[in-house]
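Participant: After the structure tokens below, expect a handful of questions from me.
The values are calculated or read from the model by the stated rules, or taken from the named source; none is laboratory data. Quick caveat: nothing in here was measured; it's all calculated off a predicted structure. Glycine also receives a Cβ, built like all others from the backbone with ideal geometry; neighbour counts cover every protein chain displayed. Keep in mind that these areas ignore ligands, DNA and RNA; they rest on the heavy atoms of the full protein, side chains included. Shrake-Rupley method; radii C 1.70, N 1.55, O 1.52, S 1.80 Å.
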Amino acid sequence: MPEYFEKMGVDIDRLIKNTENYFGSTYTLPNGIVVKGFDFTDKEGTGYSRDMLVWFEGTGQMVVAYNELANYYYNKGNAEKADFYKNKAIRYTNDMFAFTRYYGLNGALPYMAICLDEKQVVKTLKYEWEIPRGRRGKWVKSISSTMWFLYAVCDFYNPMKW
């Protein structure tokens, strides 16, 4: 898929760098480990101000994109750029692993890195989806986040490649 961007004249490296700068987010585990990820929710789109959260579905999508770029540059004979993007994919995947391990989620991930109480509401967009709330302070596992995590871990399947 990167070849399509290149054909359109898009500077892929600049696009990725801007994505990281604008949408990059972090979550610090209670043990001090920093989990890096992405939150593609534009603050202006939420209708209110909130801190950036690690959105695991989107982070998994970025890992798949990094893997696509690594393969693309490898096939073009640019091992340096291929390794650069492969290392990014590994870093974000390891961070997702760290999160699920720390909270004992058995390989599953929540929608975002926030554990809501039963009455707390966090919306991802102004008029749309609320992050699910668990009972008694329990994390709510997300099938979409977990599937993108599996795509990231497996590094052989990109559901957006067609």
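Participant: Among the residues of region 72-81, write down those that are surrounded by fewer than 16 Cβ atoms within 10 Å (Cβ to Cβ), part of a helix (DSSP H, G or I) and not hydroxyl-bearing (Ser, Thr, Tyr). Walk me through it before giving the result.
Facilitator: Step one: filter region 72-81 for residues surrounded by fewer than 16 Cβ atoms within 10 Å (Cβ to Cβ), giving 74-80.
Of the ones still in play, those that are also part of a helix (DSSP H, G or I) are 74-75, 79-80.
Scanning region 72-81 gives Asn75, Ala79, Glu80.
Participant: Additional query: Scan region 41-53 for residues that are open to solvent by less than 50 Å² (accessible area, probe 1.4 Å) and at pLDDT 70 or above and jot them down.
Facilitator: Hits for region 41-53 are Thr41, Leu53.
Participant: Please verify whether Met96 is under 14 Å from Val35 (Cβ atoms) and modelled with pLDDT of 95 or more, treating the condition exactly as stated.
Facilitator: Values: under 14 Å from Val35 (Cβ atoms): yes; modelled with pLDDT of 95 or more: yes.
Taking the combined requirement at face value, the residue satisfies it.
Participant: Something else now. Among the numbered conditions (1) in contact (Cβ under 8 Å) with a residue 60 or more places away in the chain; (2) of a type outside the set (S, T, N, Q); (3) open to solvent by 40 Å² or more (accessible area, probe 1.4 Å), tell me where Phe84 comes up short.
Facilitator: The number of the failed condition is (1).
Participant: Then there's this: What pairs can you find where one residue is in region 21-40 and over 13 Å from Tyr92 (Cβ atoms), the other is open to solvent by 70 Å² or more (accessible area, probe 1.4 Å), and their Cβ atoms are less than 7 Å apart, with a gap of 6+ or different chains?
Facilitator: Leu29/Tyr102; Asn31/Tyr102
Participant: Turning to a different aspect of this structure: Considering region 52-66 alone, what residues qualify as being assigned to a helix (DSSP H, G or I) and over 8 Å from the mean Cα position of the chain (by Cα)?
Facilitator: Correct list: Val64, Ala65, Tyr66.
Participant: Here's something else I'd like to know. Taking only pairs six or more apart or across chains, which ones have beta-carbon atoms under 6 Å, a first residue in region 90-105 that is at positive phi, and a second residue that is among the hydroxyl-bearing types (Ser, Thr, Tyr) and part of a helix (DSSP H, G or I)?
Facilitator: Close Cβ pairs satisfying both conditions: none exist.
Participant: Shifting gears a bit: Looking only at residues in region 23-37 that are surrounded by 12 or more Cβ atoms within 10 Å (Cβ to Cβ) and within 18 Å of Met62 (Cβ to Cβ), which one is modelled with the lowest pLDDT? Spell out the reasoning first.
Facilitator: Of all residues in region 23-37, those surrounded by 12 or more Cβ atoms within 10 Å (Cβ to Cβ) come to 23-27, 29, 33, 35-37.
Add one more test, that the residue is within 18 Å of Met62 (Cβ to Cβ), and what stays is 23-27, 35-37.
On the way: Phe23: 90, Gly24: 93, Ser25: 93, Thr26: 94, Tyr27: 93, Val35: 96, Lys36: 96, Gly37: 96.
If we take residues in region 23-37 being surrounded by 12 or more Cβ atoms within 10 Å (Cβ to Cβ) and within 18 Å of Met62 (Cβ to Cβ), then Phe23 is modelled with the lowest pLDDT.
Residues checked against (1) open to solvent by 30 Å² or more (accessible area, probe 1.4 Å); (2) under 20 Å from Met147 (Cβ atoms):
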position	(1), (2)
Pro2	no, no
Asp39	no, yes
Met62	no, yes
Ala65	yes, yes
Ala98	no, yes
